[in-house]
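A short write-up of the structure that comes next.
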Amino acid sequence: MAAAEIFFEHERWGRNLAWSAGFHLAVAASILVYTVIAPGGRGEGWGSGGGGDAIGVTLVSTVPLPANPVQTQNVLANESKGLSQSLPKPEVKEPEAIPIPDTNAKKKAKAETTPTHQKPQPEPVEEANNVVPFGQGGPVSGPYGVFSAGGAKGGFGVTGGGGDFGTRYAWYVRVVQQKVSENWLKYEVDPRITEAQRVYITFDVLRDGRPASVQVEQSSGVPSLDQSAVRAIQRIDTFGPLPSDYSGNKVSVEFWFDYKR
Amino acid sequence: MKLFLSWIIAILLLLSLPTWAQQDWIRTGTGLGVEKVRLAVPDFKASTQDPKTPELLKVFNDTLWNDLDNAGIFDMVSKSFYPVEVPGAPPDVKFEAWSSQPPNASMLAFGNLGISGANATVQGWLYDVKNVTSPQVLGKQYQDAATSDAVRTIAHKFADEIIFRLGGGIPGIAESKIFFVSSRSGHKEIWAMDYDGANQHALTHLGSISLSPRISPDGSRLAFSSLTKTGWEILMYSLDLDRMVTFPKFGGTNLSPAWSADGTKLAFSSSRSGDSEIYVMDSSGANLKRITSFKGPDVSPVWNRKTGAQIAWVSGRSGLPQIYTMEADGTNVQRLTDEGYAVSPAWSPNGQFLVFSWIRHYGPGAPGAQDIYIMDIVSKQWVQLTHDGGRNDFPSWSHDGRHIIFQSSRAGGEQIWTMLADGTNQKRLTTAGSNTQPNWSWK
């Protein structure tokens with residue numbers, strides 16, 4: 001009896017298991033079917049706006065950070081004598097070889113001097129075209145030298161007149177140059193312009209570093225270029241106070257911009 | 001844009017014509033050919049024999065070097081190039097040894113540190129070593145307590161001074177603070193730290209969940225949102241009093257407060273009317289005014305830090321969250337991002353850029369990563385700053401406009417990272433626990 005009851009129980013349990021398995025399979029299948037049929041509901045709602053092109057790329061140079069260093073490409077295209085002197089190479093005389101009195105050596109030398117049928121190979125002449133002759137080098141490359149980029153070339157120097165601001169405070173001149181370059185936004189210039197005359201801007205740097213009296217001294221003939229140059233200066237809050245041991249109360253700056261693309 | 005654009009400028013001279021006897025002229029230009037200044041910073045020397053000197057000297061030298069390196073305007077000359085004898089005072093400077101190879105430095109920062117009794121004295125100089133006739137750009141002397149905290153502050157001050165001079169009036173950030181959310185105590189509390197990750201400490205101990213800390217422009221108060229008994233509310237912490245101060249509760253879910261540049265107003269998002277919208281109020285909590293009313297969530301407002309006249313925020317009115325701008329009264333709504341999933345805008349101090357977090361290709365199967373982007377608001381041109389994987393979110397500008405702090409999961413858990421505003425020089429600041437939602441102080 002007991003055994004029969006156990007069998008009976010076992011059979012009922014098995015049926016339930018089958019039902020359970022069937023039900024689970026049905027649930028799993030319905031989930032699968034739903035995911036196939038239903039379009040990603042929430043994703044669709046959020047993502048429906050998705051069309052449209054990217055706005056465009058821009059250069060990091062519009063971020064107010066120092067521009068990528070552009071190395072001087074040719075320091076020789078300048079007639080000024082270099083600040084760095086490459087001395088002429090001193091001639092080093094090789095110690096004269098002492099011929100060893102040896103019969104073999106004599107024979108060998110004789111064999112070499114005998115003419116052969118081969119044409120004498122012209123010795124390759126080493127063109128030392130990358131050597132800077134003494135006194136003819138360009139200025140030192142770096143912030144205060146000539147620079148060139150993209151075929152255009154410009155340069156600047158600091159020469160002393162009566163005042164000596166540029167020589168005494170070269171670091172401040174560099175700051176001015178860098179600040180303005182960071183604040184000139186290329187896209188303000190009319191995109192149809194590919195080349196323009198040089199534009200000259202003058203302004204003062206006051207004692208506390210503020211720029212003032214910004215003026216177009218000589219127009220490029222392209223209003224948008226003139227404007228962008230003026231705005232570059234106006235956009236600057238301060239260049240930093242003038243050097244504390246400088247006695248004047250302002251410094252005047254003249255810029256020129258060669259625009260080309 | 002394949003068009004090649006080049007321009008050149010040139011610098012010349014100063015001449016003083018007889019009539020302008022006192023007038024100095026610079027003829028100069030910008031653009032190409034500007035390189036980073038090569039700056040050499042030899043270790044400062046000990047000027048006294050006090051036994052505490054070496055320890056403080058190390059703190060000072062490390063801090064000064066890191067500050068100058070982080071500034072991003074210098075090409076730091078590696079110490080291995082330095083001459084054997086480094087100067088501790090002006091007479092020791094051998095110009096030729098520093099200005100020629102191998103250091104080839106154009107600037108040299110040097111000095112000494114001495115301890116007398118309980119005081120530490122630091123003398124520091126900045127020399128233009130390529131200008132032998134008048135080399136001194138800066139000469140400073142500092143005196144403070146002989147503790148490592150005080151010495152670190154001196155180093156920050158000297159570094160800021162150098163950056164201010166050579167960066168053309170860039171305000172130094174070495175003394176700025178960063179506020180963030182950390183869970184390292186078990187609850188999400190508001191923490192603070194120095195800009196370089198030093199001196200991390202908890203501000204709040206609410207035992208709840210606190211998010212989106214925002215420091216006021218004058219640095220006296222900190223607004224944040226926290227889960228209270230009545231739901232998410234804006235709370236206010238006074239840094240002057242070192243305790244919470246009372247602030248009105250509005251009901252609904254109130255999130256992400258944002259200070260206006262003059263510190264008189266706060267913008268935040270509130271769902272008190274049902275839908276999440278942008279509200280503006282006085283910094284006291286009075287004069288509540290709703291400025292958006294569109295279907296869909298409007299959250300994360302930030303003010304234009306330069307003008308205070310515009311607000312950028314995140315809106316879900318068109319589906320996925322996108323960045324929008326409007327005038328502070330709610331007019332002139334403009335959409336900035338055109339695709340993907342864009343959140344967490346922050347306005348640059350000069351008002352020119354927005355930095356935000358963007359998943360440009362969002363959706364099932366899209367190869368989207370969440371990265372930090374900068375957008376020029378006028379031209380709507382953008383630049384991607386992070387590319388290193390993980391989720392990068394919650395960017396915030398430093399007040400010099402040259403650094404961005406953000407949270408990133410690239411190294412596993414959420415941690416706080418900093419970088420220059422062009423995406424270079426990325427560094428991790430936090431390690432313990434989970435640290436999120438950084439906010440950089442205004443000064």
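Structural remarks
- Residue count for the stretch B:369-381, restricted to those that are farther than 20 Å from residue B:417 by Cβ and either among the aromatic types (Phe, Trp, Tyr) or more than 11 Å from chain A (Cβ to nearest Cβ) (or both): 1
- Once the stretch A:206-245 is narrowed to residues that are at the interface with chain B (Cβ under 9 Å from one of its Cβ atoms) and in contact with a helix residue (DSSP H, G or I) (Cβ under 7 Å, 6 or more places away or on another chain), the residue that is farthest from residue B:170 (Cα to Cα) is A:232.
- Looking at A:228, A:220, A:224, just one residue is small (Gly, Ala, Ser), in a helix (DSSP H, G or I), surrounded by 13 or more Cβ atoms within 10 Å (Cβ to Cβ) and over 25 Å from the mean Cα position of the chain (by Cα), and that residue is A:224.
- Looking across the stretch B:24-45, the residues that are at pLDDT below 90 and either in contact with a Leu (Cβ under 8 Å, 6 or more places away or on another chain) or among the aliphatic types (A, V, I, L, M) (or both) come down to B:24, B:25, B:26, B:27, B:28, B:32, B:34, B:37.
- Within the stretch B:417-428, being in a strand (DSSP E or B) and within 21 Å of residue B:305 (Cα to Cα) holds for B:418, B:419, B:420.
- Whichever residue in the stretch A:159-173 is buried (at least 23 other Cβ atoms within 10 Å of the Cβ) and more than 7 Å from chain B (Cβ to nearest Cβ) and, among such residues, is nearest to residue A:223 (Cα to Cα): A:172
- Residue check, residue A:211 over 28 Å from residue B:376 (Cα atoms) and modelled with pLDDT of 85 or more: no
- Condition check for residue B:342: more than 14 Å from chain A (Cβ to nearest Cβ) and surrounded by 21 or more Cβ atoms within 10 Å (Cβ to Cβ): no
- Of the numbered criteria (1) more than 26 Å from residue A:211 (Cα to Cα); (2) crowded, with 16+ Cβ neighbours inside 10 Å; (3) among the polar types (S, T, N, Q); (4) at pLDDT below 90, the one residue B:112 fails is (4).
- Residue B:348 vs. criteria surrounded by fewer than 22 Cβ atoms within 10 Å (Cβ to Cβ), within 14 Å of another protein chain (Cβ to nearest Cβ) and in contact with a Gly (Cβ under 7 Å, 6 or more places away or on another chain): no
- Residue match in the stretch B:145-168 (condition: part of a strand (DSSP E or B), in contact with a strand residue (DSSP E or B) (Cβ under 9 Å, 6 or more places away or on another chain) and surrounded by fewer than 24 Cβ atoms within 10 Å (Cβ to Cβ)): yes
Rundown of residues vs (1) under 24 Å from residue B:310 (Cα atoms); (2) in contact (Cβ under 8 Å) with a residue 24 or more places away in the chain, yes/no style:
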{"residue": "B:221", "(1), (2)": "yes, yes"}
{"residue": "B:226", "(1), (2)": "no, no"}
{"residue": "B:237", "(1), (2)": "no, yes"}
{"residue": "B:247", "(1), (2)": "no, yes"}
{"residue": "B:256", "(1), (2)": "yes, yes"}
{"residue": "B:261", "(1), (2)": "yes, yes"}
{"residue": "B:278", "(1), (2)": "yes, yes"}
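- Positions within the stretch B:36-50 being in contact (Cβ under 8 Å) with a residue 12 or more places away in the chain and either out of contact with any Asp or Glu (no Cβ under 7 Å at 6 or more places or on another chain) or not basic (Lys, Arg) (or both), in sequence order: B:37, B:39, B:40, B:41, B:42, B:43, B:44, B:45, B:46, B:47, B:48, B:50
- Scanning the stretch B:63-93 for residues that are under 20 Å from the mean Cα position of the chain (by Cα) and of a type in the set (Asp, Glu) gives B:67, B:69, B:75.
- Checked against the criteria, residue B:324 does not count as more than 22 Å from residue B:403 (Cβ to Cβ), surrounded by 18 or more Cβ atoms within 10 Å (Cβ to Cβ), at the interface with another protein chain (Cβ under 10 Å from one of its Cβ atoms) and of a type in the set (Ser, Thr, Tyr).
- Looking across the stretch B:137-155, the residues that are touching a helix residue (DSSP H, G or I) at 6+ places or on another chain (Cβ under 7 Å) and either more than 20 Å from residue B:46 (Cβ to Cβ) or within 14 Å of chain A (Cβ to nearest Cβ) (or both) come down to B:137, B:138, B:140.
- Here residue A:255 meets the list (1) at the interface with chain B (Cβ under 9 Å from one of its Cβ atoms); (2) in a strand (DSSP E or B); (3) of a type outside the set (Asp, Glu); (4) over 30 Å from residue B:381 (Cβ atoms) almost entirely, failing just condition (4).
- Listing of strands (runs of 3 or more DSSP E) fully contained in the stretch B:207-262 that carry 3 or more residues being under 23 Å from the mean Cα position of the chain (by Cα): B:210-215, B:221-228, B:231-238, B:254-259
- Every listed requirement among (1) surrounded by 19 or more Cβ atoms within 10 Å (Cβ to Cβ); (2) modelled with pLDDT of 90 or more; (3) not acidic (Asp, Glu) is met by residue B:72 save one, (2).
- Selection count, the stretch B:51-61, where residues are surrounded by fewer than 16 Cβ atoms within 10 Å (Cβ to Cβ) and in contact (Cβ under 8 Å) with a residue 24 or more places away in the chain: 2
- Scope the stretch A:175-187; condition closer than 14 Å to residue B:170 by Cβ and either at the interface with another protein chain (Cβ under 7 Å from one of its Cβ atoms) or more than 17 Å from the chain's Cα centre (by Cα) (or both); matching residues: A:175, A:176, A:178, A:179
- Residues located in the stretch B:309-321, provided they are more than 25 Å from residue B:391 (Cβ to Cβ) and surrounded by 18 or more Cβ atoms within 10 Å (Cβ to Cβ): B:310, B:311
- Test result for residue B:345, modelled with pLDDT of 90 or more, outside any strand (DSSP E or B), under 27 Å from the mean Cα position of the chain (by Cα) and of a type outside the set (Ser, Thr, Tyr): no
- Scoring residue B:181 on the criteria (1) part of a strand (DSSP E or B); (2) β-branched (Val, Ile, Thr); (3) touching a helix residue (DSSP H, G or I) at 6+ places or on another chain (Cβ under 9 Å) leaves a single failure, condition (3).
- Test set (1) surrounded by 21 or more Cβ atoms within 10 Å (Cβ to Cβ); (2) in contact with a Gly (Cβ under 9 Å, 6 or more places away or on another chain) - residue B:220 fails condition number: (1)
- Residue list for the stretch B:355-380, restricted to those being farther than 15 Å from residue B:339 by Cβ and either in contact with a Gly (Cβ under 6 Å, 6 or more places away or on another chain) or among the small types (Gly, Ala, Ser) (or both): B:364, B:365, B:379
The values are calculated or read from the model by the stated rules, or taken from the named source; none is laboratory data. What you are looking at is a predicted structure, and each value in this text was computed from that prediction instead of being measured. FYI the Cβ positions are ideal-geometry reconstructions off the backbone, even for glycines, and counts take in every protein chain you see.
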